[in-house]
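Peer 1: To start, I am sharing the structure in question, which I have written as structure tokens.
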Amino acid sequence: MKFVSIILLSLIWSVSAFAQHSHGSKGPNGGAMEDVAGVHAELMTAGNVITFNIIDEGNKPVPTSGFTGSVLVVSGSERETIALAPSGDAALKGEAKKPIAANAAITLMLKTKEGKSGQAKYKK
């Protein structure tokens, strides 16, 4: 009986942890948002420019000075890796050779100034 109780409590705690981090949700600017390296990264594209707005758990902008990142854009058989650089106070921006296609798979690789790193996947 103790074993069943422990399993039930573990499940309850894990469900509440999942509820705090909504993957694939919309960011404050309407873009897809994912958790990566301890921050939220909101994907925005316009033509061939790709921007990630970086925000904290409270939807407040996080300064990106000292952040590094890159993004892999895959559309059909085409692949392009784009370096990202801080842009403004709380964004990372890069430019592709061609406009980002509507069906592109986008993988963000991010490293914060504190050294945390991670990756997130998006579908445009």
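Every number in this text was worked out from the coordinates using simple rules, so none of it is lab data. Since we're looking at a predicted model, the values are computed, not measured. As a convention, Cβ positions derive from the backbone with ideal geometry for all residues, glycine included, and neighbour counts pool all protein chains shown.
Peer 1: Taking the Cα atoms of region 23-123 alone, what are Rg (to one decimal) and Dmax (as a whole number) in Å?
Peer 2: 12.4, 38
Peer 1: For region 23-123, compute the number of Lys pairs whose alpha carbons are separated by less than 18 Å, excluding pairs fewer than 8 positions apart on the same chain.
Peer 2: Count of close lysine pairs: 10.
Peer 1: Between 58, 92, 71, whose Cα lies farthest towards the positive end of the dipole of region 45-124 when Lys and Arg beta carbons carry +1 and Asp and Glu beta carbons carry -1, centred on the Cα centre?
Peer 2: The listed residue farthest towards the positive side: 71.
Peer 1: Exactly which GluC sites (Glu not before Pro) in region 24-124 are in a DSSP loop and have at most 13 other Cβ atoms within 10 Å?
Peer 2: Working: sites: 34, 42, 57, 78, 80, 95, 114; in loops: 57, 114.
Sparse-neighbourhood loop GluC sites (Glu not before Pro): 57, 114.
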